[in-house]
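Notes to accompany the following structure.
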Amino acid sequence: MLDVVSIGAATIDIFVKSKQFIVDKNLLSLEYASKNETSQSLISSGGGATNSSVSFSRLGLKSACLSLIGDDHLNNYVIDDLKKESVAVNLLIKNKNDATDFSVILVAPDGGRSILTNRGTTRLDEKYLNWDKIPKAKWFYISSLEGNLDLLEELIGFAKENKIKIALNPGSRELAQRKKLLPLLKLVDFLLLNKTESETLVELNFNHKDFWNKLVSLSPPTIAVTGGHDGAFVFADGKHYFSPIIKVKPVDETGAGDAFGSTFVSALIYKKSIPEALHWAIKNSASVVSCLGAKTCLLTLKQINK
């Protein structure tokens, strides 16, 4: 039996880091018409589903990735990456009418990044799914479905019918449909948001006195809010928990959220306490941002237990 099926996007990520990138307030730029040197580069699979499925596998769990990919040479990067990490790839679906999505990730000297994404028509949709072939895992880990809330509703219904727990890390396109999303959150076991996403969801500033009461009223048993350099906050079992970040020299911030959420769920599968799960998640996130790429420095179970 699988421990986790990661569901969401699979892309090709092309990372480019350069000391010549200019950071000016909220802008990342290069001099127009200039030629510049890169300090680091990497091509790998990306997207919430591949990142989380590899994280689960590194932590000793049996994981699979359910995503839609193109029928082109780029899909080999996705398939090969996952196979090397012992992630089941039989749930990957090839769309014969399109190419695999890809992103170019421009990484600044301080580890911050800007992302250019090419999205084709490889949005996961119910019409591509054979429900009879979807395994009865212990958990579904659902990241952004590119706004497809109809599919999210179907996945939640399938999970409930088959006693599968649900972790949800919605993207901006899901959050933009707030009214339709809110009723579904009551059926989720673990909800992961970053600070900006949480503010969008509850329509309050994070520091507002009613913020947590409104967020908790959404009803998922466990809610985590990652605050970047401000650490992470968790509400579970009627209690609030907090962890500061582990200070490391940031190389690339890509994948920190995926690492946090997948590691937290992994700890729950291993029946760890909430404080232990939070510690695991913070530790793996810190490791990920210390390397280029979302998967490069994901920890193994042995490493995270040290």
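The values are calculated or read from the model by the stated rules, or taken from the named source; none is laboratory data. Because the structure is a prediction, the values reported are computed rather than measured. Cβ sites come from the backbone with ideal geometry, for glycine too, and all protein chains shown count toward neighbours. To get the accessible areas, we keep the full protein, side chains included, count just its heavy atoms, and leave off ligands, DNA and RNA. Shrake-Rupley method; radii C 1.70, N 1.55, O 1.52, S 1.80 Å.
Computed from backbone phi, the HN-Hα couplings of segment 258-265 come to 4, 5, 4, x, 5, 6, 4, 5 Hz, rounded to whole numbers (Karplus: 6.51 cos²θ - 1.76 cosθ + 1.60, θ = phi - 60°; Gly and Pro given as x). Take segment 1-94 with all the other protein chains still there, run a 1.4 Å probe, and you get 49 Å² of accessible area per residue. Relative to the current alpha-carbon distance between Arg119 and Thr300, full extension at 0.36 nm per residue lengthens the span by 62.0 nm. Straightening the chain between Lys271 and Met1 buys 95.5 nm, computed as 0.36 nm per residue apart minus the Cα-Cα spacing. Using a 1.4 Å probe on the protein chains only, how many percent of the accessible area of segment 239-306 belongs to carbon and sulfur? Result for segment 239-306: 60 percent of the exposed heavy-atom area is carbon or sulfur.
From its DSSP helices (H runs of at least four residues, each -39,500 (n - 2.57)), the chain gives a residue-normalised ellipticity at 222 nm of -9000 deg cm²/dmol. For the chain, the share of DSSP beta bridges that are antiparallel, to the nearest 5, is 45%.
Cysteine residues of the chain whose C-beta has no other cysteine C-beta under 4.7 angstrom: Cys65. Is segment 99-238 rounded, prolate or oblate when judged by the Cα gyration tensor, a ≥ b ≥ c being the square roots of its eigenvalues, rounded requiring a/c under 1.5 and prolate requiring a/b larger than b/c? Judged from the Cα gyration tensor, segment 99-238 comes out oblate (a/c at least 1.5, b/c at or above a/b).
Set Lys and Arg Cβ to +1 and Asp and Glu Cβ to -1, take the dipole of the chain about its Cα centre, and tell me which of Ser41, Gly227, Gln177 lies farthest positive. In the chain, that residue is Gly227. Ordering 63-71, 298-306, 96-104 by mean Cβ neighbour count within 10 Å, with the highest value first, yields 63-71, 96-104, 298-306. Can you tell me the accessible area per residue over segment 193-278, all protein chains present, probe 1.4 angstrom, in square angstrom? Each residue of segment 193-278 exposes 48 Å² on average to a 1.4 Å probe. Within segment 1-43, what residues put their amide N at less than 17 Å from the label point 7 Å along the Cα-to-Cβ vector of Asp132? Inside the label zone: nothing. For segment 95-147, the share of accessible area belonging to carbon and sulfur comes to 47 percent (1.4 Å probe, ligands and nucleic acids excluded).
Just checking the listed ones, Val225, Val202, Val289: in the Gaussian network model of the chain with Cα springs under 10 Å, the one fluctuating most is Val202.
Were the residues from Lys83 through Asp110 laid out at 0.36 nm apart, the gain over their Cα-Cα distance would be 6.5 nm. Counting protein heavy atoms only, segment 1-82 has 51 percent of its accessible area on carbon and sulfur, 1.4 angstrom probe. Peptides 4-14, 173-183, ordered by how many other C-beta atoms sit within 10 Å of their residues on average, highest first, read 4-14, 173-183.
Short-range pairs are left out: with C-alpha atoms under 8 Å and at least six residues apart, the relative contact order of the chain is 18 percent.
Across segment 90-105, coupling constants 3J(HN,Hα) worked out from phi with the 6.51/-1.76/1.60 Karplus curve, θ = phi - 60°, read 5, 9, 5, 10, 8, 8, 5, 9, 8, 9, 5, 5, 9, 10, 9, 10 Hz, and Gly and Pro carry x.
Note that segment 188-204 has calculated 3J(HN,Hα) couplings of 9, 8, 9, 10, 10, 9, 8, 4, 5, 5, 5, 5, 5, 5, 9, 6, 9 Hz, one per residue in order, obtained from phi through the Karplus relation 6.51 cos²θ - 1.76 cosθ + 1.60 (θ = phi - 60°); glycine and proline are x. Spin-label model, Glu203 to Glu31: label points 7 Å out along the Cα-to-beta-carbon direction sit 4.9 nm apart.
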